[in-house]
Structure formats: structure tokens, C-alpha cells
Amino acid sequence: MNAPASLPNDPQTAIREITQRIEPALIEIRRDLHAHPELAFEEVRTAGVVARELARLGIEHQTGVAKTGVVGLIRGGRPGPVLVIRADMDALPIHEQTGLPFASTVDGKMHACGHDLHTTTLIGVAEVLRDLAPQIAGTVKLVFQPAEEAIGGMKVMLEEGVLDGPKVDFALGFHNHPHSPVGTFDYTRGPALAAADVFTVTVHGVSGHAAYPHGAVDPIVAAAHLITQLQTVVSREVNPLHPAVVTVGAIHGGLASNIIPDSVTFTGTVRTLHDAARDTAEAAIKRLCAGALEGLRVRCEVDYIRGVPPLVNDDRVLDPTMDAVRHQFGDVVRERPPTMGAEDFALMSQRVPSFQLGIGSGAPGRDDRLHNSNYQPDEACIGLGVQALSRAALELLS
């Protein structure tokens, strides 16, 4: 497929005109994806839509990457580096409450994080960059990733060589931000999202009659003490200049009011932006649980799993990307502080210089939040994201 012959010479106008032409179709794609959400590694239909659109555009692509992922390649008119632009595709196990005409048709599943927006935006970027390929010095690798919400898809894609063939030099990610008005773009320097670790503690006591607690060793009381103690990890052990969160999100134990159970299990998450804080938190949790044997007479099994690392933005990708956004739209950018959320684009940022762009998706008059059953982003963020990312690719591969 050949690029339109009448493309304007300046990239700002060319990108804007192509995007405006394809935007109605992109919104229809987004609404279709939204109505048919799929969870982690189940994105068969979604991947099919992506593959269909890349085939329509004549873009070389591979399906079945990390089971349900899709990777496309746009080769520029001149040699140069390889840039990844990545979008995630999976939905969440949330029952939608929006009442929209294109609301989820699948009970208990919803695109409440906007990955339908992301997938659609990258399809739009593919079409713009396909048309502008002669101006690109290098290659754009379009990565449609499964299973971000399960924090598993990127790991598998990396294991299967997504950074090879051709070898990737740097990467650009993006995420819609409902707390930012549509038409604005956010960036964070350095650590932007937290490392996310998971711990599970099983507290073993000795069961007995609730009326005779002296004849038992109560794991419920011990677990309560431990959960309270874990809050001192942040307040008294981690450097106060290094943000950290220790949250226990679930506790299970006991079956009846008059029985002291044999064991209690609780599980939680640790979020940190710095390696030193991460190491301190893990060591402290294990030490406090080990000390319960002496102080509370219970034995603790600790299963501590390190998840994704912090997502660290690299100025070598950040600065030209934000310059590109300013060139395309003017002064619509703002710096924002890091957050304690996490996502597995961080695994790619460990391997190659990377940056995750924030795309404002907040609709006028609404106060939406991600992972909410009534989440209704402004669909204008799709076309704006297409323009921003396309312009960034042109400038990064100039």
C-alpha cells in the first residue's frame, strides 16, 4: 500500500490530517474492543482485530507472541535505530456499570484501565507511520502486549525475544491518565512507577477450644500483631526520603467462633521506588515474622516474590518525546510526581532506554479513576495520543 500522494510536507500538518481522517474508524475499533473485553492471555479476539488492521495496512507482523501478543514492523526509508512503541491489550475482572451503548457484553469483565484505548491508539500510530515511513530513519516495532494486568505478559515477550530481530535500541510506552484533562500530556523524570512485590505469610499456631486459650497457641492474635508491626517497616526502617508502601490486602483463618485455628494466612504487597527501600522492606518483613516464634510462640512461613522493578524513565527518550509533543500541540505538557502504581513495561525499561508518556483522558465534568466499574474516559485521547506518539517516533528516528 502506497502513502497518499498529497501528504503535506511539514510533519505537524501531515500527522494531524492523517489522524483526523482515520479517527472515526479508530473510535469504532475502540468501542468494539470495549464491548468484548478479554483477560490476561485470553486476548484472542483482540489480537485478531489488531492482526486484521495491520494486514489491512500492509504492515509486516507476527501473531502468537507470548501466546496472544502481536508484533508489527514498519521499516523506514533510511537505515537507523529500532524503536519499540508498546500498548497493552488485556481487560480487568470488573463488572461494568457505565450503561454505555458499547458497554462490556461479558459479565464480570471490563476495560476499566483503558487498554482498549491503548490498543486502538497504537493501531492509529501504525497507520500514520505507515504513511510517513519514507521520512523515518530506522524501524518502528509495534508491540501489542497481553497480560499487563496480571504482570506477566512483558516477561514472556522478553523471554521470547521481542527485543531482538531486529535488535531494539529504545522503547516508548504510554498510558491514559483520567486525572489529567484530555488534551494534556504528562511526564515523570527518573523513577515513575513503583516496584511491586507480593508476600504471603502463613502463621502456624496450635488449635484449641476458644474457652481455654491457654491450652492453644493463637495464630489469629499473632497475625494481628504481625500485621500491625509490618506498618513500622515504612515508618521506622525505610529511609523517609524513599517512598514505600506495605499493605496487607487479605487475611484468612478460622471457621468458627469457638475454635482457635491451627493457622492463619495473610497476603500483601510492597511498593518501592528505590532498590535500597525494596531490600530493607523484604528483610524487615522476614525478620519480624521470624521473631514471632520467640515472642508469640508461632511459626511463620514467608513466601516473598519480587515482581516488576520500578519503571525508570530515561531522559534520552523522555526529552525528545516531550519536545515532539510540544512541536505538535504547543504547551500542553506537565511534569507529575511518581506514583506507587506498577506495571510491567518496567521490565523493558530495565533492558533498553525507555519512557512512558502520560496521555490525558479525563472527560470534562467527570472525576474518573482507573480500575473503576464506571470508568468513562474521553475518546478524544485516542487521536491526540496517535498524533503525539507518531510525532515522537518521527523525531526519535529523524
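The values are calculated or read from the model by the stated rules, or taken from the named source; none is laboratory data. A quick note: this is a predicted structure, and the numbers were derived from the prediction, not measured. Cβ placement follows ideal geometry from the backbone for every residue including glycine, while neighbour counts extend to all protein chains displayed.
A few remarks follow.
- In segment 45-61 there is no residue that is closer than 23 Å to Asn374 by Cβ and among the basic types (Lys, Arg).
- Looking only at segment 180-196, and only at residues there that are in contact with a helix residue (DSSP H, G or I) (Cβ under 7 Å, 6 or more places away or on another chain) and assigned to a strand (DSSP E or B), the one that is surrounded by the most Cβ atoms within 10 Å (Cβ to Cβ): Leu193
- Looking only at residues in segment 254-268 that are out of contact with any His (no Cβ under 6 Å at 6 or more places or on another chain) and surrounded by fewer than 18 Cβ atoms within 10 Å (Cβ to Cβ), the one that is farthest from Ala342 (Cα to Cα) is Asn258.
- For segment 140-149, the criterion of being among the aromatic types (Phe, Trp, Tyr) and either under 20 Å from the mean Cα position of the chain (by Cα) or surrounded by 24 or more Cβ atoms within 10 Å (Cβ to Cβ) (or both) is met by at least one residue.
- Matching strands (runs of 3 or more DSSP E) fully within segment 281-398 where at least 2 residues are closer than 30 Å to Phe102 by Cβ: 354-362
- Considering residues of segment 26-76 that are assigned to a loop (DSSP other than H, G, I, E, B) and of a type in the set (Val, Ile, Thr) only, the residue nearest to Leu396 (Cα to Cα): Ile59
- Any chance Phe41 is assigned by TED's automatic domain parsing to the domain that holds Leu318, among the aromatic types (Phe, Trp, Tyr), over 30 Å from Gly165 (Cβ atoms) and modelled with pLDDT of 95 or more: no
Every residue, every condition in (1) modelled with pLDDT under 95; (2) in contact with a Gly (Cβ under 6 Å, 6 or more places away or on another chain); (3) farther than 30 Å from Ile74 by Cβ; (4) of a type outside the set (Asp, Glu), yes or no:
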| position | (1), (2), (3), (4) |
| --- | --- |
| Ala290 | no, no, yes, yes |
| Glu301 | no, no, yes, no |
| Pro320 | no, no, no, yes |
| Asp323 | no, no, no, no |
| Leu347 | no, no, no, yes |
| Gln356 | no, yes, no, yes |
| Glu379 | no, no, no, no |
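- Test: residue in segment 82-105 that is more than 26 Å from Leu370 (Cβ to Cβ) and in the same structural domain as Ile27 (by TED's automatic domain parsing): yes
- Scan of segment 77-115 for residues that are in contact (Cβ under 8 Å) with a residue 60 or more places away in the chain, surrounded by 21 or more Cβ atoms within 10 Å (Cβ to Cβ) and part of a loop (DSSP other than H, G, I, E, B), ordered by number: Asp90, Glu96, Ser104, His111, Ala112, Cys113, Gly114
- Test: residue in segment 240-247 that is surrounded by fewer than 13 Cβ atoms within 10 Å (Cβ to Cβ) and more than 23 Å from the chain's Cα centre (by Cα): yes
- Counting only residues that are surrounded by 15 or more Cβ atoms within 10 Å (Cβ to Cβ), among the small types (Gly, Ala, Ser) and either assigned by TED's automatic domain parsing to the domain that holds Gln350 or in contact with a strand residue (DSSP E or B) (Cβ under 8 Å, 6 or more places away or on another chain) (or both), segment 280-305 holds 2 of them.
- Which listed residue is surrounded by 17 or more Cβ atoms within 10 Å (Cβ to Cβ) and in contact (Cβ under 8 Å) with a residue 40 or more places away in the chain, from Ala223, Ala210, Ala277: Ala223
- Scanning segment 226-255 for residues that are over 14 Å from Gly295 (Cα atoms), of a type in the set (A, V, I, L, M) and in contact (Cβ under 8 Å) with a residue 12 or more places away in the chain turns up Ile227, Leu230, Val233, Val234, Val238, Ala244, Val245, Val246, Val248, Ala250, Ile251.
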